[in-house]
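Heads up: the structure comes next, in structure tokens.
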Amino acid sequence: MRLAPTQAAVLEAASATEDRTIERLAEELGEKPETVTGAVFALEEEGLLDVSEEEIEGVSLTEEGETYVEMGLPERRLYETALELDADEEPVSMGEVIGRSGLEGSEVDIALSNYARKGYGEIDSGELSATAGREEDEEADALALIAAEEPVTDESVLDDLTRRDLVARRESTVRSVTVTEEGVTALMEGIEESETVGQITPELLTTGEWEAVEFAEYNVEADAAEVVGGKKHVLRQTADRVKDVLVGMGFEEMDGPHVDSEFWINDALFMPQDHPARTHWDQFALEKPEEMDNLPEDLLDRVRSAHLEGVGEDGEGYHSPWTEEVARGMDLRGHTTSLSMRYLSGEAVGDLEPPQRYFSVEKVYRNDTLDPTHLLEFFQIEGWVMAEDLSVRDLKGTFTEFYERFGITDLQFKPHYNPYTEPSFELFGHHPETGELIEIGNSGMFRPEVLEPLGVECDVMAWGLALERLAMLITGAEDIRDLHGTLADIEFLRNAEVIY
């Protein structure tokens, strides 16, 4: 019998009494698994081999997982340091524990986000407490077992490690072969190797040799190496879709600085300077660059007056201090409403005459506690409409039209308080997988104390919506950290699509 060299080698390496996997044959022959697979299928078609298949799940450590096997999980290191500082007896400064633990960069966020989840203790108001007696960590134990190539039976622990991208789980088909009776007969009678050509080359064409050679058959059932191509991130897909929808609704896009003065971020919004949301617990304060010092003096005076004296006959302002020094302080913006203030005041593109519609989809920064619906930095969908005689009906109608473009038709509105809008509403939508009601935005009609200092003489309705939470509703992601950050679910991102 004449066989191609690889087929002959595979048949001779296989056994009639023992199942041998393709991976084992490939290793013995020094060939690629996909090459041996092609030969196996060809031999099966000739009746010389029997092929059996088994679906198995393999688990391996990622590079990050290997690091934590050696150094310990960040949350475990934070816990052990907290115990050294007697945090099981009374709370200790979170900064002191982090500094003593040696955690750096993204490890700090990872430790903090998993600390309370695992019952190591609590984090509250910048202080950290520890629960005594937590000697075991199921995730750390599972990582050690995987490193030792031993099985992990707890599926929930494996799911958590996969979500954290510490292990990779992959289902694969293991094929094993045995020599048939016909194959044994062929081997006994002797195998003659025939030279085959796998592809046409320029030399074969120019010399005419292609007419005399024997070409190897192309096997479409043979395994091939998995190739994962690049794609647009699902959050970017959502952002692009949002922009398309809003432009289609007649809106223009705004942009502006990520680092801005307290004046544009808060004071122009009639946020009192002693408001809790303006403390370092909620904001990220920065050293003030001199070139960012320039503020329009006349607008500064009008905003100061609104805070201290109020607006209109019944306005009283806030009975709290207001200083220009605080207004000139520099922060990472906690919302993109700072852009709205720049545009409505005429500072960004000059004076605007109604009607006007503007939006932005840009990143904001808040000192929040990490959980399934909160991140330290995220994207906000800012928008406002300036026109005569606007009402809450216009606001709700705009949201209804916008969210219908994403297949969301069950919006719920809840009255809310904001220092800068009245009336104000929070928006909620149902998660498609869990059925949970998730807050997706905040909205309202800007107060006179905001508009009059800006020189706006008509109504303005405005909103700030969460891009990540919108993405959760339209993709089914159950944790905002699956979308981006150190714990992003790569498999989810590879498969998720924005379909509306």
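For this structure, a couple of remarks:
- Within the range 74-84, tally of residues that are buried (at least 17 other Cβ atoms within 10 Å of the Cβ), farther than 13 Å from G121 by Cα and either out of contact with any Leu (no Cβ under 9 Å at 6 or more places or on another chain) or of a type in the set (G, A, S) (or both): 0
- Only one of the listed residues (G65, G95, G102) is over 30 Å from E193 (Cβ atoms) and either among the basic types (K, R) or buried (at least 17 other Cβ atoms within 10 Å of the Cβ) (or both). That residue is G65.
Yes/no matrix, rows are residues, columns are (1) out of contact with any Leu (no Cβ under 8 Å at 6 or more places or on another chain); (2) free of Cβ contacts under 8 Å to residues at least 60 places away in the same chain; (3) under 20 Å from K363 (Cα atoms):
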position	(1), (2), (3)
V227	yes, yes, no
K231	yes, no, no
K243	yes, no, yes
G250	yes, no, no
M254	no, no, yes
I265	yes, no, yes
Q273	yes, yes, no
P276	yes, yes, no
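- Among the candidates E491, E478, residue that is at pLDDT below 90 and either touching a strand residue (DSSP E or B) at 6+ places or on another chain (Cβ under 8 Å) or in a helix (DSSP H, G or I) (or both): E491
- Which numbered condition M71 fails, given (1) surrounded by fewer than 17 Cβ atoms within 10 Å (Cβ to Cβ); (2) touching a residue at least 40 places away in the same chain (Cβ under 8 Å): (2)
- Looking only at residues of the range 439-453 that are crowded, with 18+ Cβ neighbours inside 10 Å and in a strand (DSSP E or B), we find that the one that is nearest to the chain's Cα centre (by Cα) is I440.
- The single residue among L49, L61, L11, L3 that is touching a Leu at 6+ places or on another chain (Cβ under 8 Å) and closer than 30 Å to I490 by Cβ turns out to be L61.
- Criterion violated by L43 - all others in (1) surrounded by 19 or more Cβ atoms within 10 Å (Cβ to Cβ); (2) touching a strand residue (DSSP E or B) at 6+ places or on another chain (Cβ under 8 Å); (3) within 30 Å of E149 (Cα to Cα) satisfied: (3)
- Residue ranges of helices (runs of 4 or more DSSP H) in the range 227-343 with at least 2 members modelled with pLDDT of 90 or more and assigned by TED's automatic domain parsing to the domain that holds L473: 234-248, 262-265, 297-309
- Pairs, first farther than 13 Å from Y79 by Cα and in contact (Cβ under 8 Å) with a residue 40 or more places away in the chain in the range 93-108, second part of a helix (DSSP H, G or I) and small (G, A, S), C-beta under 8 Å, six or more apart: none
- Qualifying residue in the range 407-426 (condition: at pLDDT 90 or above, closer than 30 Å to P272 by Cα, part of a helix (DSSP H, G or I) and touching a His at 6+ places or on another chain (Cβ under 9 Å)): no
- Subset of the range 382-397 (residues that are touching a residue at least 40 places away in the same chain (Cβ under 8 Å), out of contact with any Cys (no Cβ under 7 Å at 6 or more places or on another chain) and outside any loop (DSSP other than H, G, I, E, B)): E382, G383, W384, V385, V392, D394, L395
- Residue in the range 103-121 that is among the aromatic types (F, W, Y) and assigned to a loop (DSSP other than H, G, I, E, B) present: yes
- Annotation for the range 311-325: no member residue is over 18 Å from L454 (Cα atoms), in contact (Cβ under 8 Å) with a residue 40 or more places away in the chain and touching a strand residue (DSSP E or B) at 6+ places or on another chain (Cβ under 9 Å).
- Sole exception among (1) out of contact with any helix residue (DSSP H, G or I) (no Cβ under 8 Å at 6 or more places or on another chain); (2) on the phi < 0 side of the Ramachandran plot; (3) among the charged types (D, E, K, R) for R100, by number: (1)
- Filter pass, V51 being outside any loop (DSSP other than H, G, I, E, B) and more than 39 Å from the chain's Cα centre (by Cα): yes
- Qualifying residue in the range 1-24 (condition: of a type outside the set (A, V, I, L, M, F, W, C), closer than 30 Å to A148 by Cα and assigned to a helix (DSSP H, G or I)): yes
- Subset of the range 136-158 [touching a residue at least 60 places away in the same chain (Cβ under 8 Å) and part of a helix (DSSP H, G or I)]: E139, A140, L143, A144, I146, A147, L158
- Index of the failed condition, T400 passing every other in (1) touching a strand residue (DSSP E or B) at 6+ places or on another chain (Cβ under 8 Å); (2) without any contact (Cβ under 8 Å) to a residue 24 or more places away in the chain; (3) in a helix (DSSP H, G or I): (1)
- Residue that is surrounded by the most Cβ atoms within 10 Å (Cβ to Cβ) [pool: residues in the range 122-135 that are part of a strand (DSSP E or B) and out of contact with any Asp or Glu (no Cβ under 7 Å at 6 or more places or on another chain)]: L128
- Looking only at the range 461-500, residues that are within 8 Å of the chain's Cα centre (by Cα) and small (G, A, S) come to 2 in all.
- Checking every residue in the range 173-180 against the condition of being out of contact with any Phe, Trp or Tyr (no Cβ under 6 Å at 6 or more places or on another chain), more than 30 Å from A14 (Cβ to Cβ) and modelled with pLDDT under 85 gives zero matches.
The values are calculated or read from the model by the stated rules, or taken from the named source; none is laboratory data. On a predicted model such as this, the values are computed, not experimentally measured, just so you know. Reconstructed Cβ throughout: ideal geometry from the backbone, glycine too, with neighbour counts over all protein chains shown.
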